[in-house]
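The next block holds one structure in the form of structure tokens; read it before the comments.
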Amino acid sequence: MPRPAARNLITDIPGLRVGHAVDERACTGVTALFCARDWAAGIDVRGGGPGIRESEVLAPENLIGRAHAIVLAGGSVFGLAAADGVATALCARGVGLHLKPDSLAIPIVPCAVLHDLANGGDKDWGGTPPYRDLGIAAAEAAGVDFALGSAGAGRGAQAGLRKGGVGSASLDLGGGLIVGALVAVNSVGSVFMPDGKTYWAWAFELDGELGGATPPHAGMDLGNPLADDSRLAELGRLQAAANTTLGVVACTADLSTAECKRIAMMAHDGIARAVRPAHTPFDGDTVFALASGGLPVGRAPLRAVEVARIGSAAADCMTRAIARAVHHAR
């Protein structure tokens, strides 16, 4: 039976590093994931109010289809500048595309943002939002171990009416095949069942990672998933782009850009399992997928079977990562 890999983090995949940076005064932050080189990548957007950068460069029909880093940031549209900081830091290290010898490195750094502008932090930053500097700081802080909960892009996040945050999880499928997920949870929906204490993701818990979640009693009334809509409206959450769940899934397999997109599509099922409701008009739910290319996955038709297995594991990791984000933020 597949179990979490050594750290139970997305960085169980060799070559991945994650860095957080936080502005405590503004109650916001950035989380950046760095690849050892340019990895095959894909993206799938399901929310009704996304905020994204460099998404089309990952479209299978376009030229590049690879990424050097992925950035998740608070700050709504202002947070997109975090990718500028990460790109600047990587370029200074010579990381990026070189269109000719000795040319400036051009890092490919897709980014997605969540809305945390109404969380009480001091956003009076005038003409200098902090996100570019936070991107640079996240690059400097990157490593294989990183905090979960109220950290990085999840610093000012909420999940429904509860504290949101950053979560991660992994699965070792054997034979060198490892799958992992990293997520920033700022959803309009809740990660809890109507009893207010049981995670929707309880059935996917491994090794007590959610504190030994208790299954709900039989016949529990599932209720109205937006029963607190008056409170959510008061907080300004029932507006397009006011919420989102942002995720990255990754694996050690040798996948194409098109196959990465399929993995990202399947990983969205993990959001729907862990958050109710998900993919609403008010959310910007976005999932990126990365493949290190280290493990051959064979040829058709068995290759498609392996892609399906990886996508299923990615969805499971996403489900667990979402619950872990809120569990650690609490």
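The values are calculated or read from the model by the stated rules, or taken from the named source; none is laboratory data. Remember, it's a predicted structure, so these values are computed and weren't measured experimentally. When we count neighbours, we look across all protein chains shown, and the Cβ atoms used for this are built from the backbone with ideal geometry, even at glycine.
Among the residues of segment 76-123, the one identified as among the basic types (Lys, Arg) and either assigned to a helix (DSSP H, G or I) or under 29 Å from Pro281 (Cβ atoms) (or both) is Lys123.
Being modelled with pLDDT of 95 or more, surrounded by fewer than 24 Cβ atoms within 10 Å (Cβ to Cβ), in contact with a Ser or Thr (Cβ under 9 Å, 6 or more places away or on another chain) and closer than 22 Å to Leu16 by Cβ is a description that applies to Ala151.
Note on segment 123-147: residues that are farther than 25 Å from Arg53 by Cβ and either buried (at least 22 other Cβ atoms within 10 Å of the Cβ) or acidic (Asp, Glu) (or both) amount to 1. If you go through segment 153-185, how many residues are more than 16 Å from Arg7 (Cβ to Cβ) and either charged (D, E, K, R) or in contact with a Phe, Trp or Tyr (Cβ under 8 Å, 6 or more places away or on another chain) (or both)? Qualifying residue count, segment 153-185: 4. Scanning segment 75-115 for residues that are of a type in the set (D, E, K, R) and modelled with pLDDT of 95 or more yields Asp84, Arg93. Within segment 76-88, residues that are at positive phi sit with their Cβ atoms under 7 Å from residues that are modelled with pLDDT under 95 and not basic (Lys, Arg), at 6+ positions apart or across chains, in these pairs: Ser76/Gly51; Ser76/His115; Ser76/Leu117; Ser76/Ala241. Taking segment 122-159 as the range and being hydroxyl-bearing (Ser, Thr, Tyr) and out of contact with any His (no Cβ under 9 Å at 6 or more places or on another chain) as the test, the residues that pass are Thr128, Tyr131. Taking the criterion of being over 24 Å from Pro14 (Cα atoms) and in a helix (DSSP H, G or I), would at least one residue in segment 296-309 satisfy it? Within segment 296-309, one or more residues are over 24 Å from Pro14 (Cα atoms) and in a helix (DSSP H, G or I). The residues of segment 161-217 that are in a loop (DSSP other than H, G, I, E, B) and touching a Cys at 6+ places or on another chain (Cβ under 8 Å) amount to a single one, Leu177.
Within segment 289-323, the set of residues being crowded, with 16+ Cβ neighbours inside 10 Å, touching a residue at least 24 places away in the same chain (Cβ under 8 Å), farther than 14 Å from Leu173 by Cβ and of a type outside the set (Gly, Ala, Ser) comprises Leu290, Met318, Thr319, Arg320, Ile322. Just checking, does segment 96-107 include any residue being surrounded by 14 or more Cβ atoms within 10 Å (Cβ to Cβ) and polar (S, T, N, Q)? No, because not a single residue in segment 96-107 is surrounded by 14 or more Cβ atoms within 10 Å (Cβ to Cβ) and polar (S, T, N, Q). Inside segment 273-303, residues that are small (Gly, Ala, Ser), at pLDDT 95 or above and on the phi < 0 side of the Ramachandran plot make up a count of 4.
As a summary of the residue check, Gly15 satisfies the conditions (1) surrounded by fewer than 24 Cβ atoms within 10 Å (Cβ to Cβ); (2) modelled with pLDDT under 95; (3) of a type in the set (Gly, Ala, Ser) except for the one numbered (2).
Please go through segment 1-19 and give me each residue that is closer than 9 Å to Ala169 by Cα and part of a loop (DSSP other than H, G, I, E, B), ordered by number. The answer is Pro4, Ala5, Arg7, Asn8, Leu9.
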